[in-house]
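Notes follow the structure.
The values are calculated or read from the model by the stated rules, or taken from the named source; none is laboratory data. For clarity, every value in this text was computed on a predicted model and none was experimentally measured. For neighbour counting, all protein chains shown are included, and Cβ atoms are generated from backbone atoms with ideal geometry for every residue, glycine included.
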Amino acid sequence: MKLWINWISNCFLDFIFPFSCAYCQKIGSVICEKCFEEIEFYTHQPLDLKIPNNQLDSLSACCQYSGPIKALIKNLKYQSIKKMGEFAGQLLYNCSWPPQNIDCLTAVPLHKKRLKQRGFNQAEIIAQTLASELGKPYLNLLVRKSNTLQQAKLKDKALRQTQLVDQFEFAKPSAKNHNSQHLGSVLLIDDVVTTGSTLNECAKTLKAAGVKKVYALCVAHGL
């Protein structure tokens with residue numbers, strides 16, 4: 001009964017406040033058919049970002065951070081349009097090459113203060129959608145210790161790397177959270193990758209906790 005009520009509520013909201021294209025604002029979908037054709041998809045994987053002390057076993061991105069995708073992610077982050085996170089998760093499923101032998105998916109975490117401000121973690125919405133499509137569990141495996149400056153706002157690459165050192169910790173195992181010793185491989189999800197510093201620090205934390213392999217997958221790559 002509750003699911004039915006939620007479905008009716010969502011249909012009503014979609015009717016009253018229909019979605020518009022993040023890029024051209026055409027009513028009907030989060031990215032219209034015309035704008036979808038402007039997305040610059042990557043055809044070669046994985047990315048080679050020359051990350052210092054790289055802990056990632058692979059790093060891939062679906063498309064370039066430009067045009068419709070840039071508008072989509074900005075709407076997701078700063079206007080809290082969760083439907084766009086679900087669209088991004090579907091995009092990853094349909095156009096990327098996630099490893100098949102993963103045990104679970106996790107997302108780059110937000111600090112609790114930023115999470116409270118935004119209301120949700122956009123990377124988590126993307127990861128949960130992809131996990132559902134892959135038939136794999138989603139687990140919150142990481143905690144962000146400090147509310148550091150957003151990486152996109154830092155132009156200095158060296159500062160991007162140093163401000164993230166030891167900023168993540170492994171989430172304590174619980175009944176709902178597998179022990180890391182039983183996780184052979186994890187697929188780490190984020191919305192945008194620039195230098196790869198954030199993903200690398202997350203991978204370092206996961207491996208220090210006992211995870212054997214960490215693969216990273218992002219919606220977009222760019223500045």
key: Failed criterion for Glu133 (all others in (1) assigned to a loop (DSSP other than H, G, I, E, B); (2) over 19 Å from Ala203 (Cβ atoms); (3) modelled with pLDDT of 80 or more hold)   = (1)
key: Subset of region 84-131 (residues that are among the hydrophobic types (A, V, I, L, M, F, W, C) and without any contact (Cβ under 8 Å) to a residue 24 or more places away in the chain)   = Leu115
ask   = Pick from Asn94, Asn75, Asn54: which is polar (S, T, N, Q) and in a loop (DSSP other than H, G, I, E, B)?
value = Asn54
query = Listed residues Lys70, Lys50; which is surrounded by fewer than 12 Cβ atoms within 10 Å (Cβ to Cβ) and either closer than 19 Å to Asp191 by Cα or assigned by TED's automatic domain parsing to the domain that holds Lys212 (or both)?
reply = Lys50
task = Take Tyr42 and decide whether it is surrounded by fewer than 19 Cβ atoms within 10 Å (Cβ to Cβ), modelled with pLDDT of 90 or more, closer than 28 Å to His182 by Cα and touching a Ser or Thr at 6+ places or on another chain (Cβ under 8 Å).
result = no
inquiry  = Would you confirm whether or not region 138-157 contains a residue that is among the acidic types (Asp, Glu) and modelled with pLDDT under 95?
reply    = yes
key: Residue pairs meeting the criteria (Cβ under 7 Å; at least 6 apart or on separate chains; first on the phi < 0 side of the Ramachandran plot, in region 72-83; second modelled with pLDDT of 85 or more and surrounded by fewer than 18 Cβ atoms within 10 Å (Cβ to Cβ))   = Lys82/Phe120
